[in-house]
Amino acid sequence: MRDEKRLLKERFTTYFWGKMVEFGSLLEISAWDFVLLSILAVLVYRWWKRQNTPDVERPVVPKIPPTEMMDLTIEELLKYNGTTDPHIFFALNGTIFDVTRGANFYGPDGPYGALAGHDATRSLATMDTKAVKTEWDNCDDLTPSERDSANEWEASFKFKYPTVGKLVKSQEEKKDYEGKIAGINM
Ligand code: HEM
């Protein structure tokens with residue numbers, strides 16, 4: 001029984017290989033060329049199929065367009081918390097950063113969501129997420145090491161997030177950025 005199976009297998013292989021040689025000689029190519037061409041055809045077909053199959057598993061994340069540069073008062077800044085407005089801004093040392101791309105950190109469910117839409121200077125200086133205020137904060141009571149901490153955060157955010165503008169007092173004049181898009185200022 002076992003021998004019969006082996007014989008059958010051998011006969012099939014010989015027949016298959018013979019047919020391929022026959023087909024190959026029709027096209028004036030060797031059997032090995034034929035095998036390689038078949039593999040190539042299968043790969044091309046699989047690639048083509050993948051390109052034409054809608055990707056149902058990858059969710060479409062709406063892209064939040066970059067914002068124009070602007071100066072904001074502390075009250076105006078509140079809106080940019082990722083909920084009222086999809087953009088997330090916060091101020092640090094008087095500079096407003098667009099931290100939307102850090103939504104994992106600063107989004108409503110993020111660990112530092114409390115900073116969104118706020119002046120984050122005191123919070124980052126003291127490493128306390130609760131130290132955010134909704135009114136103007138001079139931060140002049142910060143210790144030198146807390147100041148250093150805020151300055152270090154500012155230096156790293158400058159490389160990571162676009163600068164939107166300045167945090168201004170309500171009576172202060174706002175700069176006209178003439179529609180310039182917020183970008184990373186290094
Ligand atoms: C148990 C306490 C904490 C742990 C374990 C922790 C851990 C981390 C980790 C792992 C990162 C990511 C670093 C990276 O991307 O390379 C991070 C980033 C950060 N953390 Fe914390 N953190 C803690 C507390 C705080 C507190 C209290 C604050 C203050 C508000 C804070 C503010 C930040 C900020 C601003 C970032 C940078 C996010 C960005 O790149 O935009 N963290 N933290």
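Cβ-Cβ distance of Lys49 and Asp128, R₀ of 45 Å, FRET efficiency by 1/(1 + (r/R0)^6): the value works out to about 0.25. Residues whose amide H comes within less than 5 Å of that of Gly165, counting only those at least five positions distant or on another chain, are Met70, Ile96 (H built at 1.01 Å from N in the peptide plane).
The HN-Hα couplings worked out from phi for the stretch 63-77 by the Karplus form 6.51 cos²θ - 1.76 cosθ + 1.60 (θ = phi - 60°) are 7, 8, x, x, 9, 6, 6, 6, 9, 9, 7, 4, 5, 5, 5 Hz, whole numbers, x standing for Gly and Pro.
Within straight-line reach of Lys79, meaning a Cα separation under 28 Å, sit the following lysines at least 8 residues removed in sequence or on another chain: Lys63, Lys130, Lys133, Lys158, Lys160, Lys166, Lys169, Lys174, Lys175, Lys180. Per-residue Cβ neighbour counts within 10 Å put Glu146, Glu173 in the sequence Glu173, Glu146, beginning with the fewest.
In the chain, the DSSP-assigned H stretches of four residues or longer account for a calculated mean residue ellipticity at 222 nm of -13500 deg cm²/dmol, using -39500 (n - 2.57) per stretch and the full residue count as denominator. For the chain, the residue among Val99, Leu124, Leu77 whose Cα projects farthest onto the positive side of the dipole built from Cβ charges is Val99. Output the relative contact order of the chain, whole-number percent, from Cα pairs under 8 angstrom with separation of 6+ residues. Rounded, it is 22 percent for the chain. On the basis of the beta-carbon distance and an R0 of 45 Å, Ile39 and Lys158 show a calculated FRET efficiency of 0.30. Name the residues whose placed amide hydrogens come within less than 5 Å of the amide hydrogen of Asp119, ignoring near sequence neighbours (fewer than 5 apart) on the same chain. Result for Asp119 returns Ala91, Lys133.
The loop-placed trypsin sites (Lys or Arg not before Pro) in the stretch 96-186, going by DSSP, that have at most 15 neighbouring Cβ atoms within 10 Å of their Cβ come out as Lys130, Lys169, Lys174, Lys175, Lys180. Compared with the dominant Cα axis of the chain, that is its longest principal axis, helix 144-160 is turned about 40°. Using only Cα atoms, tell me the angle between helix 31-52 and the longest principal axis of the chain; keep it within 0 to 90° and round to the nearest 10. That works out to roughly 30 degrees. Shape summary: the stretch 105-186 maps onto an equivalent ellipsoid whose semi-axes, from the alpha-carbon gyration tensor, are 22, 17, 15 Å in decreasing order. Projection of the Cα convex hull of the chain, averaged over all directions and equal to a quarter of that hull's surface, yields 22.1 nm². Axis angle, to the nearest 10 degrees, between helix 2-27 and the longest C-alpha principal axis of the chain: 80 degrees.
Looking at the chain, the DSSP beta bridges with both ends there are about 85 percent antiparallel. The convex hull around the C-alpha trace of the stretch 2-52, projected and averaged over every direction, spans 4.9 square nanometres.
Straight-line reach from Lys9: taking Cα to Cα under 28 Å and skipping same-chain neighbours fewer than 8 places apart, the lysines in range are Lys19.
Note that the stretch 80-89 has calculated 3J(HN,Hα) couplings of 8, 10, x, 10, 4, 10, x, 6, 10, 10 Hz, one per residue in order, obtained from phi through the Karplus relation 6.51 cos²θ - 1.76 cosθ + 1.60 (θ = phi - 60°); glycine and proline are x.
Around the amide H of Ala182, modelled in the peptide plane, lie the amide H atoms of Thr67, Glu68, Met69, all under 5 Å away and 5 or more residues distant in sequence or on another chain.
Only the coordinates and a few stated rules stand behind these numbers; no lab work does. Predicted model only: the values in this text are computed from it and were never measured. Every residue, glycine as well, gets a Cβ built from its backbone with ideal geometry; the counts of neighbours run over all protein chains shown.
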